[in-house]
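The values are calculated or read from the model by the stated rules, or taken from the named source; none is laboratory data. Quantities reported herein were computed from a predicted structural model and do not represent experimental measurements. Neighbour counts run over all protein chains shown; Cβ positions are idealised from the backbone, glycine included. Please note that ligands, DNA and RNA were not included when accessible areas were found on the heavy atoms of the full protein model with its side chains. Shrake-Rupley method; radii C 1.70, N 1.55, O 1.52, S 1.80 Å.
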Amino acid sequence: FFSSFFLSVFPFSPPSLSFLCFAGFQKTEAPRPPGAKDLHVYPWDKSSLKSMPVDLEKFKKLDDYALKVNVKNSVEELVKALLKQARTDLEKVRAIWMWICHHIEYDVVGYHNKSQLSSKPRDVFQMGKSICEGYAELFEHMCSLAGIQCKKLSGHAKGHGYKTGQTFTGDSDHAWNAVYLEGRWHLLDSTWGSGSVDDSFTKFTYRYNEFYFLTHPALFINNHFPDNSNWQLLKPTLTLKEFENNMLHNSNFYMLGLLATHPETPIIQTVNGKASVSVDCRSSMLFMFKLKGAEEQGLMTLEKHGMKLDIYPQKTGSHKLEIFAKPSKAEASDDVYKCVVEYVVECESVDKAMRFPKELHQPVGPSWFSERQGFLRPSQSQPVLHTNDGRCSFTFTLGKDISVLTSLHGDGASLAEDMGRRHVLQIRRRSQIELKVHLPHAGSFVLKIYSRKRSDPGNYDYVFNYLIRCLNTEVKWPAFPQSYSKWLQDYEILEPLSGLLPANRNVQFRLKMHGIAKVLVQAENTYPLTQKKGVWEGTCSTSGCREVFVMVHENANHSFYSQVLKYEVETQ
């Protein structure tokens with residue numbers, strides 16, 4: 001888990017206060033044990049995050065009021081003040097919950113020094129701090145003063161210090177509450193609702209977490225296992241073994257609208273050097289991942305309702321895999337990736353062939369995101385393209401007013417940036433764009449695609465990329481000819497496509513251009529092209545020259561020509 005200390009440096013939010021508490025609790029049993037009508041179906045039906053209908057908008061006034069209540073003399077007076085604005089039992093519980101979550105801080109010093117610690121409600125109230133036991137006792141006491149049945153529960157929690165796949169033994173390590181509302185028992189955890197501690201367990205930060213108020217029992221069981229299994233409020237109940245083996249989805253996971261992960265087990269074995277993970281969600285989300293702290297050795301694709309990730313660790317052993325998410329249309333306050341799930345990937349053998357170029361950006365391939373940027377109906381929907389002869393082509397229907405820029409990147413320094421651009425040729429046909437790629441040699445390449453609005457003269461924004469692979473070592477395509485600013489986006493080279501012309505040869509030229517008065521090919525001599533049905537054609541001899549230029553007269557009355565294309569000629 002990330003610590004709250006590093007928030008300023010690290011754009012991820014830490015977890016909610018998922019805490020250790022300490023052993024040796026007094027077990028208290030409820031006056032009325034849960035019955036059939038209290039139970040919820042397991043697994044979760046993906047409906048509500050809460051165990052009863054709760055309208056948070058309607059709570060706004062009450063919440064604001066409860067936060068401002070400032071009574072110092074006694075718990076009794078505090079409860080009396082809180083209940084002034086609360087009519088229903090639900091409102092009374094809400095007011096007590098809000099006050100505790102915002103006024104009692106987690107006692108990190110007391111946690112390390114249990115002998116000095118009292119969990120008695122009066123002491124917790126006076127001190128303004130406690131550990132989970134004290135939060136739960138204060139909650140129970142305040143509810144009983146308000147005439148609401150409430151129960152302190154204890155058990156095991158996957159909180160601070162939890163390691164993926166660990167087992168739970170010995171005494172319980174956490175406490176929370178059940179409250180009786182509208183004829184049924186409900187669960188809540190005011191310790192985890194209040195905030196979080198840092199990794200070293202020395203600093204507490206208030207950070208309210210709505211998730212732990214009346215949490216749906218099928219979600220609460222994710223990280224809370226009560227000593228008495230009746231208090232799971234589930235049918236069927238889970239065994240401790242199932243609890244230990246289950247995937248831990250933290251509150252961010254559910255609050256962001258994520259639904260499920262595959263596989264459902266936290267420890268994954270690679271098969272032939274590969275492990276696959278996917279996440280399902282309700283709406284389009286942005287994702288990122290880290291394998292051992294770095295976003296590499298993986299291939300992630302975004303989908304309409306989630307993402308898929310293939311991991312190829314390049315070392316054997318155990319690797320921590322973290323997956324982060326954020327809403328696609330994030331408010332500024334939400335614009336950070338939050339850790340939503342962690343796996344441990346056990347790798348027995350490495351697939352060396354699946355080393356990816358450093359330039360590869362995640363996610364890979366087209367998605368709802370590239371579609372939103374105006375790249376519609378991609379001819380290649382997969383993130384990886386294999387070519388045997390070193391040539392491939394990508395077509396899209398483009399949204400209005402879009403200008404496109406591309407670059408090709410190889411592994412290491414095999415391809416300089418300016419040359420990388422020249423191994424991709426753009427062809428525009430009305431709203432269609434084709435990107436022709438000719439690879440300079442075998443290997444793995446990244447095709448990066450950028451765009452900007454034509455009406456907007458600013459910089460190009462990166463949109464997405466593809467991975468192109470070629471195993472054929474015979475492949476050696478020259479770059480396309482160099483084009484200049486007067487070469488318009490909807491002009492097209494029919495031939496020659498190669499930017500490197502053979503020496504001492506007559507070469508055929510065919511170019512689609514409009515709005516031009518004359519076209520010349522400038523080599524040792526000058527060769528005019530003639531126009532037939534919008535195509536300018538003719539031949540040119542390459543003998544005696546190192547470079548060949550295509551020049552255009554934009555206007556018959558002008559005497560000067562502009563260069564539009566440049567070809568190199570092979571040395572003999």
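Values computed for the structure shown
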item: Condition broken by residue 274, with the remaining ones in (1) over 13 Å from residue 342 (Cα atoms); (2) open to solvent by 10 Å² or more (accessible area, probe 1.4 Å); (3) touching a His at 6+ places or on another chain (Cβ under 8 Å) satisfied; result: (3)
item: The listed residue being of a type in the set (Gly, Ala, Ser), farther than 29 Å from residue 443 by Cα and under 15 Å from the mean Cα position of the chain (by Cα), out of 306, 374; result: 306
item: Residues of region 413-458 satisfying the condition of being within 25 Å of residue 388 (Cα to Cα) and without any contact (Cβ under 8 Å) to a residue 12 or more places away in the chain; result: 413, 416, 417, 418
item: Residue 384 vs. criteria open to solvent by less than 60 Å² (accessible area, probe 1.4 Å), over 27 Å from residue 497 (Cα atoms) and in contact with a strand residue (DSSP E or B) (Cβ under 7 Å, 6 or more places away or on another chain); result: no
item: Any chance residue 107 is free of Cβ contacts under 8 Å to residues at least 24 places away in the same chain and of a type in the set (Asp, Glu); result: no
item: Of residues in region 115-131 being closer than 17 Å to residue 76 by Cβ and assigned to a helix (DSSP H, G or I), the one most open to solvent (accessible area, probe 1.4 Å); result: 122
item: Verdict on residue 348 being farther than 18 Å from residue 289 by Cβ, of a type outside the set (Val, Ile, Thr), open to solvent by 30 Å² or more (accessible area, probe 1.4 Å) and modelled with pLDDT of 95 or more; result: yes
item: Check on residue 446, part of a loop (DSSP other than H, G, I, E, B) and crowded, with 17+ Cβ neighbours inside 10 Å; result: no
item: Residue list for region 492-519, restricted to those being buried (at least 17 other Cβ atoms within 10 Å of the Cβ) and over 47 Å from the mean Cα position of the chain (by Cα); result: 507, 509, 516, 518, 519
item: Count - residues of region 451-478 that are in a strand (DSSP E or B), open to solvent by less than 50 Å² (accessible area, probe 1.4 Å) and not charged (D, E, K, R); result: 8
item: Region 252-274 residues that are aromatic (Phe, Trp, Tyr), paired with ones that are open to solvent by 30 Å² or more (accessible area, probe 1.4 Å) (beta carbon under 6 Å, 6 or more apart); result: 254/49
item: Those strands (runs of 3 or more DSSP E) lying entirely in region 479-572 with at least 1 residues of a type outside the set (Ser, Thr, Tyr) and at positive phi; result: 535-541
item: Any hit, region 258-265, residues being within 26 Å of residue 468 (Cβ to Cβ), of a type in the set (Ser, Thr, Tyr) and either surrounded by 14 or more Cβ atoms within 10 Å (Cβ to Cβ) or touching a strand residue (DSSP E or B) at 6+ places or on another chain (Cβ under 8 Å) (or both); result: no
item: Filter result for residue 243 (in contact with a Leu (Cβ under 6 Å, 6 or more places away or on another chain), closer than 30 Å to residue 112 by Cβ and buried (at least 16 other Cβ atoms within 10 Å of the Cβ)); result: no
item: Qualifying residue in region 410-424 (condition: farther than 23 Å from residue 566 by Cβ, at pLDDT 95 or above and not aliphatic (A, V, I, L, M)); result: no
